[in-house]
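To start, the structure under review is shown below, and the notes come after it.
Derivation of every value follows stated rules applied to the coordinates shown; laboratory data play no part. Just so it is clear, the structure is predicted and the values come from calculations on it, not from any experiment. Every residue, glycine as well, gets a Cβ built from its backbone with ideal geometry; the counts of neighbours run over all protein chains shown.
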């Protein structure tokens, strides 16, 4: 193809096709992940908690510890944890 309106049509077509292939791959991966979560749920695992665990595993340990400390502080402030219940 030739240039159309100053745009390299071949190059544009190549870019679009590569993006379309990656979008298809992304959908296939998303479907696979959904299937694994369904399998986990079928085996008695809590999917909501699994998602949280996966999110936490991606984080730095110091960030996780900081979030847990702040969450504990907020829960105590709201009376959700009594002082004698901690640890």
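Kindly express, to the nearest 10 degrees and within the range 0 to 90, the angle between helix 61-77's C-alpha long axis and the longest C-alpha principal axis of the chain. Orientation of helix 61-77: about 50 degrees from the principal axis. Ranked for footprinting exposure by Cβ neighbours inside 10 Å, fewest first, 45, 37 give 45, 37.
Measuring how big the chain is from its alpha-carbon positions, Rg and Dmax come out at 23.8, 77 Å. Global size of the range 46-87: 12.4, 32 Å for Rg and Dmax (C-alpha atoms, Rg to one decimal, Dmax whole). For the chain, a Gaussian network of Cα nodes joined below 10 Å ranks 32, 60, 46 by mean-square fluctuation, and the top entry is 60. Among 16, 53, 64, whose mean-square fluctuation peaks in a Gaussian network model of the chain (Cα, cutoff 10 Å)? The residue that fluctuates most here is 16.
Here the range 1-45 is described by how far its Cα atoms reach on the three principal axes: 58, 12, 7 Å, from widest to narrowest.
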